[in-house]
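*Asks:* Take this structure, written in structure tokens, and hold onto it; I'll ask about it next.
Readers should treat all values here as calculations from the given coordinates under stated rules, not as data from a laboratory. A quick note: this is a predicted structure, and the numbers were derived from the prediction, not measured. Heads up, the Cβs are rebuilt from the backbone with ideal geometry, glycines too, and the neighbour counts pull from every protein chain shown.
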Amino acid sequence: MSWKSWMYKIGQLFGAAATTFIALQLLFHPELEPNLAIRGFEVLGSLIAAGILGADILDINPEED
């Protein structure tokens, strides 16, 4: 694996961690977004993004199916 691939994987890892952090902050600190509908959408979107990035880190790719 080339250094570019390693850098890409590290970037994906940080992205997954950041989106998970955002979701947890919104869950445990509801004062950050008082509107329940928007907060729920942001949490769900963050968790989906973390899942997609996590799958990409592990090379789980639907194109290979």
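*Asks:* Return one number: the angle in degrees, 0 to 90 and rounded to the nearest 10, between the long axis of the Cα atoms of helix 3-28 and the longest principal axis of the Cα atoms of the chain.
*Replies:* 20 degrees
*Asks:* Could you please rank L58, L53, L26, placing first whichever residue has the fewest other Cβ atoms within 10 Å of its Cβ?
*Replies:* Fewest-to-most ranking of L58, L53, L26: L58, L26, L53.
*Asks:* Mean-square fluctuation check for the chain, GNM, Cα pairs under 10 Å: which of A55, A16, A37 is largest?
*Replies:* Evaluated over the chain, the most mobile residue of the options is A37.
*Asks:* Continuing with the same structure: If each residue of separation counts as 0.36 nm, what is the full-extension length gain between A37 and D56 once their alpha-carbon separation is subtracted?
*Replies:* Gain in length upon complete extension: 4.0 nm.
*Asks:* In Å and whole numbers, how far do the C-alpha atoms of the stretch 24-65 stretch along each principal axis, longest first?
*Replies:* Largest first, the stretch 24-65 extends 42, 15, 8 Å along its Cα principal axes.
*Asks:* How large is the dipole of the chain about the Cα centre if only Lys and Arg carry +1 and Asp and Glu carry -1, each at its Cβ, rounded to the nearest 20 debye? Please report the intermediate quantities before stating the final value.
*Replies:* On the way: 3 positive and 8 negative charges, 52 e Å.
The dipole magnitude comes to about 240 debye.
*Asks:* Can I ask one more? Given contacts defined as C-alpha pairs under 8 Å and at least six residues apart, what's the relative contact order of the chain, whole-number percent? Please list the in-between numbers first.
*Replies:* Working: 39 pairs, mean separation 27.6, N = 65.
Reported relative contact order: 43 percent.
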